[in-house]
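Student: The following block contains the structure, expressed as structure tokens.
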Amino acid sequence: MPLLLLLAGLELGVSFFGPLLPQVQREFNLTAGTVALALAIYNGIRLIFNVPMSRFIAHSPLPALLAAGGTVFAGGAVVVAVAPSFAFILLGRAIMGIGSALFFLTIQFWLARIATAENKAQLFSLHQLAGIFGGAVGPAVAGLVAGWLSWRYAAAFPVLAGILTLAIGRRLPYPTARLPEPSPPGSSAGDRAPLRDVLGPGIAMLGVLIFNNGLMNTMVPLFAARDLHMGPAAIGGILMLGTVQRFGAAFAGARFVGTLGSRNTVIGSLAILGIAAFLFVPVRSAVGLIVAISVASWANLGGSFVIALVTDRLAERHWGTALGLNRSIGDVGAMVSPILAGVLIDTFSFGVGFAVMAGLIVLAAGVAFWLTTAPPQKAADAL
């Protein structure tokens, strides 16, 4: 439970920035493509650190790494709060990305290490619920604070979350490893993981993060502010409404993983999410935006079950590389999609941007399906 509380708190700090984009854009007189860099650089810096950090975490004391991740994350948020220029915002967001990579990869190792075949679906469902709680509260509270005071004061939330992680994380007991189990089907008998068993879940994570970062955290706030004339509090409330509905999706996801398996659940829900994302294209009112977000939220199971897919298909000896690569592939989408969304908005329209994001998610589901349903590869295809 303390681990899940820390996860919810740091996720609150991660999700706070979306409703602030319109205020930051106005204060520094930026285009949509430029302000989107504040989201892109956060994930871009993770892309660099994910794999080496994941390998380091695999052989390090997890409680200490949780505390270190919270410390770095809080330091980056302080830089954002006092930034005299947009360049300093980018610097602070990059530091926050390093801290969050350390924290969230440590959480993944922690849960994967204690998970068994009997409790895996429940554990990753709780992981998803904790993240959803933070993701729901973060935008709403940050939007309220930004509307009441300014976007700078909203940065207090990630600072507090990081400090709390430092104080509590280092006191948690070291997780007891599960008993050794046979390698899952599809795992290599040698020292390398089959390439498809890494790429398939990675492409699925990429699709999830395209939706979360390119569509929800970039396009929706900018669209709501410019075309629907909403303030930060209203934008945060709409984002929170969509996230709250994902509680139901998380419970359903755990049941589906237990009955249909992680592969069918993850890829099937991603395909439905991409199709549902096309509902944003014809939106012209706040009611339409709420409907589109609500429908998509029930298909958005998030990244937690993708982690279950990775650990289902690979033996523990491969996790140090596989979990880092999985998040790195996902962070490609998380980094590129906000920039792409901003360019599409500036060059074409919001409708074109929403359509492109939806198409990319459907494409990711198709590629992930092809990769993960293929038979295990021979050693020549290994990493």
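Let's see how each residue does on (1) in contact (Cβ under 8 Å) with a residue 40 or more places away in the chain; (2) out of contact with any helix residue (DSSP H, G or I) (no Cβ under 6 Å at 6 or more places or on another chain); (3) of a type outside the set (Phe, Trp, Tyr):
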position	(1), (2), (3)
Ala87	no, yes, yes
Phe103	yes, no, no
Trp110	yes, no, no
Ile114	yes, yes, yes
Gly143	yes, no, yes
Ile163	yes, no, yes
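Student: Residues being over 18 Å from the mean Cα position of the chain (by Cα), among the polar types (S, T, N, Q) and under 27 Å from Leu20 (Cα atoms): count how many of those fall in region 50-108.
Tutor: Summing the residues that are over 18 Å from the mean Cα position of the chain (by Cα), among the polar types (S, T, N, Q) and under 27 Å from Leu20 (Cα atoms) in region 50-108 gives 2.
Student: Looking at Ser269 and the list (1) touching a residue at least 40 places away in the same chain (Cβ under 8 Å); (2) surrounded by 21 or more Cβ atoms within 10 Å (Cβ to Cβ), which single condition is not satisfied?
Tutor: All conditions pass for Ser269, except number (1).
Every residue, every condition in (1) surrounded by fewer than 18 Cβ atoms within 10 Å (Cβ to Cβ); (2) under 20 Å from the mean Cα position of the chain (by Cα), yes or no:
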| residue | (1), (2) |
| --- | --- |
| Val208 | no, yes |
| Gly242 | no, yes |
| Ala252 | yes, yes |
| Gly258 | yes, no |
| Arg284 | yes, no |
| Ile293 | no, yes |
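Student: Has region 314-322 got at least one residue that is modelled with pLDDT under 80, under 18 Å from the mean Cα position of the chain (by Cα) and among the hydrophobic types (A, V, I, L, M, F, W, C)?
Tutor: Yes, that holds for at least one residue.
Student: Determine whether Ile203 is modelled with pLDDT of 70 or more, crowded, with 24+ Cβ neighbours inside 10 Å and either under 26 Å from Met357 (Cα atoms) or touching a helix residue (DSSP H, G or I) at 6+ places or on another chain (Cβ under 6 Å) (or both).
Tutor: Working: modelled with pLDDT of 70 or more: yes; crowded, with 24+ Cβ neighbours inside 10 Å: yes; either under 26 Å from Met357 (Cα atoms) or touching a helix residue (DSSP H, G or I) at 6+ places or on another chain (Cβ under 6 Å) (or both): yes.
So Ile203 fits the description; yes.
Student: What single numbered condition from (1) more than 16 Å from Leu270 (Cα to Cα); (2) modelled with pLDDT under 80; (3) buried (at least 22 other Cβ atoms within 10 Å of the Cβ) fails to hold for Pro338?
Tutor: (2)
Residues checked against (1) touching a residue at least 40 places away in the same chain (Cβ under 8 Å); (2) more than 26 Å from Leu7 (Cβ to Cβ):
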site	(1), (2)
Met230	yes, yes
Ile235	yes, no
Phe280	yes, yes
Val287	no, yes
Ser294	yes, no
Val310	yes, no
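Student: Looking at region 305-347, which of its residues are under 19 Å from Leu21 (Cβ atoms) and out of contact with any helix residue (DSSP H, G or I) (no Cβ under 9 Å at 6 or more places or on another chain)?
Tutor: none
Student: Of the residues in region 341-354, how many are crowded, with 18+ Cβ neighbours inside 10 Å and of a type outside the set (Phe, Trp, Tyr)?
Tutor: Within region 341-354, the subset crowded, with 18+ Cβ neighbours inside 10 Å is 341-342, 344-345, 350, 353-354.
Retained after the next criterion (residues that are of a type outside the set (Phe, Trp, Tyr)): 341-342, 344-345, 353.
Adding up the residues that qualify gives 5.
Student: Give the residues of region 257-283 that are within 21 Å of Asn213 (Cα to Cα) and in contact with a Leu (Cβ under 9 Å, 6 or more places away or on another chain), sorted by residue number.
Tutor: Scanning region 257-283 gives Val266, Ile267, Gly268, Ser269, Leu270, Leu273, Gly274, Ala277, Phe280, Val283.
Student: Quick one: would you say Gly33 is in a helix (DSSP H, G or I) and surrounded by 24 or more Cβ atoms within 10 Å (Cβ to Cβ)? First the steps, then the outcome.
Tutor: Values: in a helix (DSSP H, G or I): yes; surrounded by 24 or more Cβ atoms within 10 Å (Cβ to Cβ): no.
When the stated conditions are applied, Gly33 does not pass them.
Student: So if I check each of Gly258, Gly248, Gly207, Gly237, which one is of a type in the set (Gly, Ala, Ser) and closer than 19 Å to Ala341 by Cα?
Tutor: Testing whether each residue is of a type in the set (Gly, Ala, Ser) and closer than 19 Å to Ala341 by Cα leaves just Gly207.
Student: Let me ask another. Where in region 98-200 are there helices (runs of 4 or more DSSP H), lying wholly inside it, with at least 3 residues that are buried (at least 23 other Cβ atoms within 10 Å of the Cβ) and at pLDDT 75 or above?
Tutor: Values: elements: 120-148, 151-154, 156-169.
Where helices (runs of 4 or more DSSP H) fall fully within region 98-200 and carry at least 3 residues being buried (at least 23 other Cβ atoms within 10 Å of the Cβ) and at pLDDT 75 or above, they are 120-148, 156-169.
Student: Also, quick follow-up: Restricting to region 355-371, name every residue that is buried (at least 17 other Cβ atoms within 10 Å of the Cβ) and over 11 Å from Ile267 (Cα atoms).
Tutor: Across region 355-371, the qualifying residues are Ala355, Val356, Met357, Ala358, Leu360.
Student: Let me ask something else. Looking at region 36-87 only, could you name the residues that are surrounded by fewer than 23 Cβ atoms within 10 Å (Cβ to Cβ) and either outside any helix (DSSP H, G or I) or at positive phi (or both)?
Tutor: Ala58, His59, Ser60, Pro61, Val82, Ala83, Pro84, Ser85, listed by residue number.
The values are calculated or read from the model by the stated rules, or taken from the named source; none is laboratory data. No experiment lies behind these values; they were computed from the predicted model shown. Methodologically, a virtual Cβ is constructed for each residue, glycine included, from the backbone with ideal geometry; neighbour enumeration extends over all protein chains shown.
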